[in-house]
Structure formats: structure tokens, C-alpha cells
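The block underneath contains the structure these notes are about, expressed in C-alpha cells.
All of the numbers you see were taken from the coordinates with simple rules; none came from a lab. All of these numbers come straight from a predicted model, not from anything done at the bench. We place every Cβ from the backbone using ideal geometry, glycine too, and count neighbours over all the protein chains shown.
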Amino acid sequence: MFVATILSCGASKSIKSKEKTIKGNWVLKKISYSKTGNYNVTLFNDTTKKCLEGSTWKFVPNNNSGVYSINGMDCIAGDRDFIFVIQEIDQASGFYDFLLKPKSNQNNIGFRIELSELSESNMKWQQNLMIDGTPFIINMDFIKQ
């Protein structure tokens, strides 16, 4: 029998810096797609682009939790709790992945999103998918409140 133990010394300085920057309240201002057209996309196994645009997000890095709130017309309004982790993909390039897992998700599904931009006032996520064998990117642009 082989047993492996993984020890972690905590997040790198770079990750801690990203967590400090992401902490607080954000608004998801715009969702766009890499291809033009009308798409019926359900984001995070929850809701549509229309309902997520304008949603407010709160990130609490010290316990990797957060909540996003939907209040749009013709949407199922309310708060959605989630957990998240920022993972450094390549220190040299500065690429990071953002792992988001809704707490109400009964299928235990999480979502891997590229954290492509993060500043004190703006954040951009890119979710890379394959549709009919072709790359498709969902861009999500946030501003800090």
C-alpha cells in the first residue's frame, strides 16, 4: 500500500497579492462571447447572461468564500454562495486560473475560469469551452465598487 501526503506551505506571495486585490465587492458589468450570434448559454449551471449582467459579487479570500446576487427582471433573484480558489498556472506569464464552485450545486461541479486581468478597479474572466470542436470563449468583465 502506498500513501502520499501533500504538504502545503500556504499560497505564494503572488497568489496572496491577487487575493488581496480581489477582496471586496464587484459588479459583473458585461458578458461577451468570442463569436457573434445569439447563444442560449446557462452560466455556472445557474442562469443566463442577461441575469448575470449587473449582478453583484463579494469575495472573502481569508476563507475562500463569496456570494453573488442577482436582481434582474425576469430572473430568479437572490444570493448564491460559492467557494473559490485562485491558482497560479505560470509565474513567468502571470496566468492564473480561478476555480469557482457554487455551494448550492447538488452535482458538486466547479468551474475553471482564466483570471485574465485583475487590477484594483477591473477584473476579467475568460471561460474557455469547446462547442462542436471549435473554441468558444465567454468573457466576463467586472468593476470594483
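Quick notes on this structure:
- Selection from 33, 44, 55, by position along the positive dipole direction of the range 13-144 (Cβ): 55
- Once the Cα gyration tensor of the chain is diagonalised, semi-axes √(5λ) in Å: 26, 19, 17
- Between residue 17 and residue 73, the C-beta separation translates, for a Förster distance of 35 Å, into a calculated FRET efficiency of about 0.40.
- Sequence ranges 68-74, 51-57, ranked by mean other-Cβ count within 10 angstrom, highest first: 51-57, 68-74
- Under the convention that each Lys and Arg Cβ holds +1 and each Asp and Glu Cβ holds -1, the size of the dipole of the chain around its Cα centre is about 280 debye.
- Within the shell of other residues whose beta carbon sits under 12 angstrom from the beta carbon of residue 38, the net charge comes to +3, with Lys and Arg scored +1 and Asp and Glu -1.
- Cross-link pairs exceeding 26 Å between alpha carbons, from the set 16/101; 30/101; 18/50: 18/50.
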